[in-house]
Amino acid sequence: MRASRLLSILMLLQTRGRMSAEALAAEVEVSVRTIYRDIDQLSAAGVPVYAERGCLGGFALLDGWRTRLTGLTAPEAQALFLSGLPGPASELGLGEAMQAAQLKLLAALPADWQTEARRVSARFHLDPAGWFSAAQPTDHLPAIAEAVWTERRIKVRYESWKTVVSRELEPLGLVLKAGVWYLVAQHDGKLRTYRLSSIQALSVTSTPFHRPANFDLARFWADSTQRFETGLYRDTAWLRVSPQGLKLLAGLSPALAAAVAGAAPEAEADGWTRLSIPIESIDHAAHELLKLRAEAEVLAPPALRARLAETAQRLAALYQEAPRARRTAAVRG
């Protein structure tokens, strides 16, 4: 465990340069005191690591010194083979490059590890797309990826929820979520997210842009999706739900699953449960709650209860009549 941690500290200093004890401790998940002991161990082993004091100080390696201890462990090699997604790589125009890289990695591994690496790709397959969802168009993906790499501005014609707009963007990163590609770009100094399948036209300009030094794609995506999901559910509904209805309700969305798991439900004598759930809108909630069939009753808000009652009455009237084809045949006869 200590040897692995010492190697991790060494690799961090070699790849990132000067780092504080606090930053190293956060990376390897130990205390600052442990970092100081590990630095002493590295120094005693002959690694030319030195400390600089001050607010911008930290630990660093002697300029020009590099370790050759960069070999992969067997689990690390397996993880690299598992992380190669052939579908997304091909969409980005990197399918052949990924295959070539895997072949080179395989050839560089010891013979006994080659078998283990092949076993991973033969036994595990990652499919990021959701069930019953058609593949989204990715015609513009290679060009956008190239613009992201080269930091070139792009001009797009984009179909938003309201209208079609033309914009010049600074592409900062691409995200694949549930089989759908999204572009994170800067427009007029503001960060925005664009669905690639909604881009109708694209041209890459020769104009470069300066990527924000403090931009973190993973952090931005996590924060923006959380804000989106939080802002999506603006209202609350109260339900009476049967035990079977609770299972169906939890399967509608992660937000409703969290409501079922985290609520303090009021149990009734017949086994049904009263609880509150977040809803996006009356229309959306009515559409979703119809999936619970007769296993749930809406208590509030009145508008949602009325919408479901109206839908139920229309369905009842529709099915109380004879099928349309049968009625037509009877009239003709």
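The values are calculated or read from the model by the stated rules, or taken from the named source; none is laboratory data. Just so you know, these numbers come straight off a predicted model, no measurement behind them. Positions of Cβ are backbone-derived with ideal geometry, glycine not excepted, and every protein chain shown enters the neighbour counts. Please note that ligands, DNA and RNA were not included when accessible areas were found on the heavy atoms of the full protein model with its side chains. Shrake-Rupley method; radii C 1.70, N 1.55, O 1.52, S 1.80 Å.
A straight chain from THR225 to LEU56 at 0.36 nm per residue would run longer than the Cα-Cα distance by 57.5 nm.
With the full set of protein chains in place, find how many percent of the accessible area of the stretch 184-268 is carbon and sulfur; take the probe as 1.4 Å.
Details: 2720 of 5180 Å².
Here it works out to 53 percent.
Could you give the length gained by full extension between VAL32 and SER206, i.e. 0.36 nm per residue of separation minus their alpha carbon distance, to one decimal place? Can you show the working numbers first?
Values: separation 174, 0.36 × 174 = 62.64 nm, distance 4.70 nm.
My answer for the length gained is 57.9 nm.
Take every Cα pair under 8 Å whose residues are at least 6 apart in sequence, average their separation, divide by the length of the stretch 1-65, and the relative contact order is 34 percent. Here's the picture: a label point sits 7 Å out from the Cα of SER8 along the beta-carbon direction, and within the stretch 198-227 nothing has its amide nitrogen under 11 Å of it.
Heavy-atom accessible area with a 1.4 Å probe sorts ARG33, ARG293, ARG152, ARG53, largest first, into ARG53, ARG33, ARG293, ARG152.
Available extension along the chain between TRP149 and LEU232 is 26.6 nm, counting 0.36 nm per residue and deducting the alpha carbon span. Think of a 1.4 Å ball rolled over the protein heavy atoms: the stretch 152-296 then has 58 Å² of accessible area per residue.
Computed from label points 7 Å out along Cα-Cβ, the spacing between ALA316 and GLN244 is 2.0 nm. Going 7 Å from the Cα of ALA269 toward and past its Cβ, which residues in the stretch 280-302 have a backbone nitrogen under 18 Å from where you end up? No residues fall inside that zone. The calculated FRET efficiency for LEU252 paired with ALA213, based on their beta-carbon distance and R0 = 51 Å, is about 0.75. Excluding THR34 itself, what net charge comes from residues whose Cβ is under 15 Å from its Cβ, given Lys and Arg +1 and Asp and Glu -1? Counting the neighbours of THR34, the net charge comes to -1. Where in the stretch 207-235 does the amide nitrogen come within less than 12 Å of the point 7 Å from the Cα of ALA178, taken along Cα to Cβ? Counting only backbone N, you get 229.
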